[in-house]
Amino acid sequence: MGRNSGDLPVDRTTVGSDGAGRWWRRAGTLVSTRGRAAETVSEAGPRLVGPADFSPVPDPIVTARGLSKVYGSGNTRVRALDGVDVDLARGELTAVMGPSGSGKSTLMHCLAGLDSPSEGSIVVDGVEISRMSQRQLTKLRRTRIGFVFQAYNLVPTLTAAENITLPMDIARRPVDRERFDTIVRTLELTDRLHHRPTELSGGQQQRVACARALIAAPSVVFADEPTGNLDSTAAAEVLGFLRTSVDELGQSVVMVTHEPTAAAYAHRVLFLADGRLEAELRDPDADSILDALRELGAAREERRDLAPAAARR
Ligand SMILES: Nc1ncnc2c1ncn2[C@@H]1O[C@H](COP(=O)(O)OP(=O)(O)OP(=O)(O)O)[C@@H](O)[C@H]1O
């Protein structure tokens with residue numbers, strides 16, 4: 001905290017930088033300082049900060065360093081991730097947001113061992129995974145990682161109970177009955193356990209998928225647009241459960257979402273753009289996330305407008 005000329009407390013919040021100037025949030029409005037002295041006033045509520053000011057994560061469950069992912073070659077070459085450095089906290093719900101094509105799914109797939117990075121390192125719960133063989137990655141995904149996908153991905157011929165215990169059955173591990181009962185009770189699935197997926201609503205199917213992701217007590221659960229197919233009531237139930245799994249079961253969850261109302265369930269929101277981390281927002285609410293999306297979008301527009309001028313110089 002600094003002081004401005006009016007001696008008000010100053011809360012300077014970096015939201016972006018293009019080398020020509022920095023952007024600051026001022027009473028909810030983004031102000032480009034362009035090398036001028038920053039004019040800032042105090043501000044309450046969640047703070048949007050750039051990567052240089054990310055709050056420290058003392059006990060990360062997932063760490064990525066210098067993470068890049070390039071798809072294709074020649075004319076079809078796409079750099080989906082471009083040098084991402086990030087620590088994701090243990091025992092937190094982290095949301096990842098960003099425009100379409102910004103690299104959210106690629107980041108999640110690399111962190112979850114579903115895809116291999118072109119460069120960089122990834123450590124999940126103390127284990128370096130970026131150079132693992134496919135066989136090792138398969139084992140890692142079975143034992144340490146839970147997944148929730150937008151399309152539920154339940155096995156249609158199995159009952160809800162059988163879908164939930166599937167990861168344990170595949171790994172030939174015994175089901176912890178107490179954990180099973182706790183998860184099923186919390187997700188209000190007790191009277192649906194003998195139904196097949198087609199006999200369940202979308203919300204119930206996604207709650208079964210959440211139970212399946214959590215049954216093996218994985219190090220981390222990755223959820224890719226988990227509420228993308230749900231109405232707002234069913235979405236709130238699933239999101240409430242993901243947050244409860246963190247707060248009450250000590251789970252660590254990483255969720256990609258486009259929805260500010262969904263991201264508001266998170267402890268921390270990370271914003272990606274063009275394969276790079278742009279900013280974070282801690283303890284957000286839906287309004288602060290909407291503000292952040294607007295401000296980051298405006299900053300990107302401004303950067304784009306500046307780019308040709310910079311090239312002419
Ligand atoms: N398998 C692939 N082959 C080639 N390019 C890919 C592949 N997967 C992703 N891409 C490209 O990488 C970039 C990032 O894609 P990604 O799916 O990670 O973005 P996203 O932020 O998840 O987008 P959305 O919100 O639309 O799902 C995009 O330009 C995309 O076209």
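State the answer as a single residue: which of 223, 263, 121 lies farthest towards the positive end of the charge dipole of the stretch 52-282, with beta carbon charges of +1 for Lys and Arg and -1 for Asp and Glu, about the Cα centre. Positive-end residue among those listed: 121.
Normalised by the number of residues in the stretch 52-282, the average gap of Cα pairs under 8 Å and 6 or more apart makes the relative contact order 29 percent. Ellipsoid fit via the Cα gyration tensor, the stretch 198-249: semi-axes of 19, 12, 10 Å, each the root of five times an eigenvalue, largest first. Qualifying trypsin sites (Lys or Arg not before Pro) in the stretch 95-141, where qualification requires a DSSP coil assignment and no more than 13 other C-beta atoms within 10 Å, comprise 131. As a ratio to 2.2 N^0.38 Å, the alpha-carbon radius of gyration computed for the stretch 213-289 takes the value 1.10. Put simply, the amide H of residue 254, placed in the peptide plane, has neighbours under 5 Å in 94, 221, 222, 223, leaving out anything fewer than 5 places away on its chain. Basic side chains Lys and Arg get +1 at the Cβ, acidic Asp and Glu get -1 at the Cβ, and with that the dipole of the stretch 52-282 about its Cα centre reaches some 800 debye. Residues whose amide H lies under 5 Å from that of residue 85, counting only those 5 or more places away or on a different chain, are 66, 67, 277; hydrogens are built 1.01 Å from N in the peptide plane. Put in line by how crowded their Cβ is, counting other Cβ atoms within 10 Å and starting with the fewest, 237, 188 read 188, 237. Ordering 222, 54 by the number of other Cβ atoms within 10 Å of each residue's own Cβ, fewest first, gives 54, 222.
Applying the Karplus relation 6.51 cos²θ - 1.76 cosθ + 1.60 with θ = phi - 60° to the stretch 232-248 yields 3J(HN,Hα) values of 5, 5, 5, 4, 4, 5, 5, 5, x, 5, 4, 5, 4, 5, 7, 5, 10 Hz, where x marks Gly and Pro. The string of couplings for the stretch 71-79 from the Karplus curve (6.51, -1.76, 1.60, θ = phi - 60°) is 9, x, 8, x, 5, 9, 5, 10, 8 Hz, one whole number per residue in order, with x for Gly and Pro.
Stokes-Einstein diffusion of the stretch 35-139 at 20 °C, 1.002 mPa s viscosity, Kirkwood radius from Cα pairs, rounded to a whole number: 136 µm²/s. The 3J(HN,Hα) values that the Karplus relation (6.51, -1.76, 1.60; θ = phi - 60°) gives for the stretch 89-98 are, in residue order, 6, 5, x, 10, 9, 10, 9, 10, 10, x Hz. Gly and Pro appear as x. Kirkwood-type hydrodynamic radius, the stretch 52-282: 18.0 Å, calculated from all non-identical alpha-carbon pairs. Pairwise alpha-carbon distances in the stretch 86-174 exceed 21 Å for 43% of all pairs.
Since every read-out is calculated from the coordinates, none of them should be taken as a lab result. What you see is a predicted model, and the numbers here were worked out from it, not measured in a lab. No Cβ is skipped: glycine too gets one built from the backbone with ideal geometry, and neighbour counts run over all protein chains shown.
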